[in-house]
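Visitor: Let me begin by handing over the structure; questions about it come next.
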């Protein structure tokens with residue numbers, strides 16, 4: 001149609017105005033004022049995100065209260081420019097729910113990042129997320145899946161304490177020598193653990209701590225390069241062998257720590273030289 005600032009389409013003998021369409025479960029966040037509804041939902045003490053919502057972080061957003069993810073999806077477009085800054089004076093992500101974080105940098109200003117305890121069905125997924133300046137990355141407990149894929153840990157004073165996770169995965173992770181404390185502490189029960197294709201540089205502190213003897217169905221640490229002057233592994237205190245760190249439920253093949261696999265074994269054997277053989281004697285059968 002001419003002389004119109006709008007676009008129309010013709011359907012069923014009627015000209016219809018073309019309307020723009022947006023997602024119903026989406027919110028663009030440039031400032032904490034964009035989360036006023038979520039703060040109200042959290043009773044003014046935390047930001048309770050809406051379940052199954054997509055929150056897009058644009059730029060640097062400084063938070064003044066903790067966040068409960070509540071199964072929401074929080075993402076940026078650039079994990080250098082799009083930042084969530086913890087100015088709460090306490091733990092950043094709290095509660096008993098999981099959620100998704102993607103393409104973000106989490107700056108914690110000397111505070112803990114996570115304190116999440118679920119019921120065993122929740123998932124926490126972190127894709128292309130950097131963690132900077134935390135007192136510790138924090139505690140994750142009683143969750144179904146925890147997955148860290150592609151990210152850096154920089155200038156943190158402590159790492160992750162994981163307990164009773166069904167499936168725990170980390171890949172393409174870098175723990176730099178600017179961090180202190182223990183990168184990863186595992187305790188409790190796991191169905192599976194996979195740590196792959198990562199770099200753990202321990203200037204001080206510990207790389208992986210399994211001294212609490214976690215129970216696992218199967219576990220793999222593969223191609224994780226350990227370096228630095230710190231302690232790479234605090235091993236199992238029972239169920240393993242002298243000079244090794246893990247039990248037979250683990251497959252470990254990484255630069256910097258001993259290879260541990262079912263096909264790697266040592267032992268002793270002895271042979272006896274038998275020089276005298278007693279011939280067999282035939283015993284006649286009885287007749288009936």
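Visitor: List the strands (runs of 3 or more DSSP E) inside segment 44-91, counting only whole elements, that have at least 1 residues being touching a residue at least 12 places away in the same chain (Cβ under 8 Å) and buried (at least 21 other Cβ atoms within 10 Å of the Cβ). Break it down stepwise before answering.
Guide: Working: elements: 54-57, 60-63, 73-75, 83-86.
Here the list reads 54-57, 73-75, 83-86.
Visitor: For residues that are touching a strand residue (DSSP E or B) at 6+ places or on another chain (Cβ under 7 Å) and surrounded by fewer than 18 Cβ atoms within 10 Å (Cβ to Cβ), tally how many sit in segment 200-219. Full working, then the answer.
Guide: Here is the first cut: in segment 200-219, the residues touching a strand residue (DSSP E or B) at 6+ places or on another chain (Cβ under 7 Å) are 200-202, 205-212, 214-219.
Keeping just the survivors that are surrounded by fewer than 18 Cβ atoms within 10 Å (Cβ to Cβ) gives 211-212, 215, 217-218.
Residues in segment 200-219 being touching a strand residue (DSSP E or B) at 6+ places or on another chain (Cβ under 7 Å) and surrounded by fewer than 18 Cβ atoms within 10 Å (Cβ to Cβ): 5 in total.
Visitor: OK, next. What about residue 100, is it farther than 15 Å from residue 30 by Cβ, part of a strand (DSSP E or B) and in contact with a strand residue (DSSP E or B) (Cβ under 7 Å, 6 or more places away or on another chain)?
Guide: Numbers: farther than 15 Å from residue 30 by Cβ: yes; part of a strand (DSSP E or B): yes; in contact with a strand residue (DSSP E or B) (Cβ under 7 Å, 6 or more places away or on another chain): yes.
So residue 100 fits the description; yes.
Visitor: Now, a different point. Taking residue 145, is it part of a strand (DSSP E or B), modelled with pLDDT of 95 or more, crowded, with 18+ Cβ neighbours inside 10 Å and touching a strand residue (DSSP E or B) at 6+ places or on another chain (Cβ under 8 Å)?
Guide: Numbers: part of a strand (DSSP E or B): yes; modelled with pLDDT of 95 or more: yes; crowded, with 18+ Cβ neighbours inside 10 Å: no; touching a strand residue (DSSP E or B) at 6+ places or on another chain (Cβ under 8 Å): yes.
The answer is no for residue 145.
Visitor: Taking residue 80 as the residue in question, decide whether it is at pLDDT below 95 and within 15 Å of residue 104 (Cα to Cα). Let's see the steps before the verdict.
Guide: Values: at pLDDT below 95: yes; within 15 Å of residue 104 (Cα to Cα): yes.
Here the answer is yes, as residue 80 does meet what is asked.
Visitor: Please work out if residue 172 is closer than 22 Å to residue 250 by Cβ and in a strand (DSSP E or B). Even if it seems obvious, please write down each step before you answer.
Guide: Working: closer than 22 Å to residue 250 by Cβ: yes; in a strand (DSSP E or B): yes.
Spelling it out, residue 172 is indeed closer than 22 Å to residue 250 by Cβ and in a strand (DSSP E or B).
Visitor: With respect to residue 217, is the statement that it is in a strand (DSSP E or B), in contact (Cβ under 8 Å) with a residue 24 or more places away in the chain and either closer than 28 Å to residue 90 by Cα or within 13 Å of the chain's Cα centre (by Cα) (or both) true? Let's see the steps before the verdict.
Guide: On the way: in a strand (DSSP E or B): yes; in contact (Cβ under 8 Å) with a residue 24 or more places away in the chain: yes; either closer than 28 Å to residue 90 by Cα or within 13 Å of the chain's Cα centre (by Cα) (or both): no.
In short, no.
Visitor: Name the one entry in 228, 188 that is within 21 Å of residue 239 (Cα to Cα) and surrounded by fewer than 20 Cβ atoms within 10 Å (Cβ to Cβ).
Guide: Working: 228 fails: within 21 Å of residue 239 (Cα to Cα).
One residue alone meets the criteria, 188.
The values are calculated or read from the model by the stated rules, or taken from the named source; none is laboratory data. Predicted, not measured: the structure shown is a model, and the values here were computed from it. Note that each Cβ is placed from the backbone with ideal geometry, even for glycine, and that neighbours are counted across all protein chains shown.
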